[in-house]
Amino acid sequence: MGKITRSLALGLALAFALPWPAVADMHGEHSAGTMGDSIAAADTPEENLELAAKYREMAANARDRAAGHREMAERYGKETKKGQMRRHCDRLAELNDDLAVEFEALAKAHEQEARGE
């Protein structure tokens, strides 16, 4: 793999591995400021449930992105020449799966907070 290709692959992988506010900004979901304000103000069960719904939406979006990357990986096929591109797509799918799990965990935590648990 050439130096430029490695740098590009690393940059893209890091972009999808950024903390949730950066990922949310990248995908036009909820800005860091908006989510930060909502988190700071979440004192009532209703506010916690609203945050839980946003996190569930973000989890669904991450799962959709993971599926899209898997589809791209399949389109690259198993050709040796395109193997590194397929691995890139597989890795992005994996990272988005991980994001979905984290967003679901945050949603669950806010739902528990709303119930006073």
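Read the figures in this text as sums done on the coordinates, not as results from a lab. Model, not experiment: these values are computed from the prediction. Counting neighbours? That spans all protein chains shown, and the Cβs are built from the backbone with ideal geometry, glycine included.
Of all residues in segment 96-117, those satisfying the criterion of being of a type in the set (A, V, I, L, M, F, W, C) and over 13 Å from PRO45 (Cα atoms) are LEU99, ALA100, VAL101, PHE103, ALA105, LEU106.
Any residue at all in segment 80-96 that is within 13 Å of ALA59 (Cβ to Cβ) and part of a helix (DSSP H, G or I)?
Narrowing segment 80-96 to residues within 13 Å of ALA59 (Cβ to Cβ): 96.
Now narrow it down to the ones that are part of a helix (DSSP H, G or I): 96.
Scanning segment 80-96, I find at least one residue that is within 13 Å of ALA59 (Cβ to Cβ) and part of a helix (DSSP H, G or I), so the answer is yes.
The set of residues from segment 95-117 being among the charged types (D, E, K, R) and in contact (Cβ under 8 Å) with a residue 60 or more places away in the chain comprises GLU102, GLU111, GLU113, ARG115.
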